[in-house]
Amino acid sequence: MDSLPFGFNAAVIGASGGIGAAVADRLVQAGAGTVWRFSRSARGADHLSYDDESTIEGAAAQIDRPLHLVFVATGVLHDAAAGVRPEKTWRALDPAALARVHHINTIGPALVAKHFLPNLAPDARAIFAAISARVGSIEDNGLGGWHAYRASKAALNQIIKTLSIELARKNDQALCVGLHPGTVASALSEPFQRGVAPGKLFTPDHSAASMLSVLDGLQADASGGLYAWDGARIPF
């Protein structure tokens, strides 16, 4: 992360997942001063659950120095235990599944922003980044299906855009962006990897390195946008 100050500080939300763990490891390798790792599966002070806002507030309260990067690496596409699976037709729409997907993919990152954005360095380059998805693009949707996931990521993109406007008033060097990681060999994509073209299924480390490289190259006027792992801007 050459664009961030020497010894920069970072927080990774969802650090026990494939992408989140790879991002945190990459940040350490890049010379971060401190990397806080928070996740649902962690215990004690590192535990953070979108089902309990107080855990998000408590995690943010641990940050005792200015942050230069907050990276949100959480998300859900399918969850058999919760009855969540990508819909192939409108006949499969289920209110509980819709609510759960929006809770994890949209409301959770919004609450992270609520409590972590005040910790961003106020007078230096600082970044809030959350994993979104290309399929969250309304303009790019030519296939249909996956109603809940698409809608939740589209809503996340709007949250990011809105946050970016407010953040710019506080720090004109700050960025707030969404990132599309590509199709990554992880639990989220596992049921859908068969149809991925050769060379398009990335390891978590490859995706993490690519996204961090994209962040390094973005200027402040890119704030509010959605960017793919290769740096291409994705329309909302």
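Points to keep in mind about this one:
- Of 46, 64, all but one fail to be among the acidic types (Asp, Glu) and touching a strand residue (DSSP E or B) at 6+ places or on another chain (Cβ under 7 Å); the exception is 46.
- Across the stretch 202-236, the number of residues qualifying as crowded, with 16+ Cβ neighbours inside 10 Å, part of a strand (DSSP E or B) and out of contact with any His (no Cβ under 9 Å at 6 or more places or on another chain) comes to 1.
- Of the residues making up the stretch 5-51, just one is farther than 23 Å from residue 202 by Cα, of a type in the set (A, V, I, L, M) and surrounded by fewer than 15 Cβ atoms within 10 Å (Cβ to Cβ), namely 45.
- If you check 68, 102 for being touching a Phe, Trp or Tyr at 6+ places or on another chain (Cβ under 6 Å) and either among the hydroxyl-bearing types (Ser, Thr, Tyr) or closer than 27 Å to residue 202 by Cα (or both), only one passes: 68.
- For the stretch 75-107, filtered to residues that are charged (D, E, K, R) and under 17 Å from residue 186 (Cβ atoms), the residue that is surrounded by the most Cβ atoms within 10 Å (Cβ to Cβ) is 85.
- Which listed residue is small (Gly, Ala, Ser), closer than 19 Å to residue 214 by Cβ and touching a Gly at 6+ places or on another chain (Cβ under 6 Å), from 75, 7, 20, 33: 20
Every number here is computed from the coordinates shown, using simple stated rules; none is lab data. Owing to the predicted nature of the structure, the values given are computational and were not obtained by experimental measurement. Don't worry about glycine lacking a Cβ; one is built from the backbone with ideal geometry, like all the others, and counts go over all protein chains shown.
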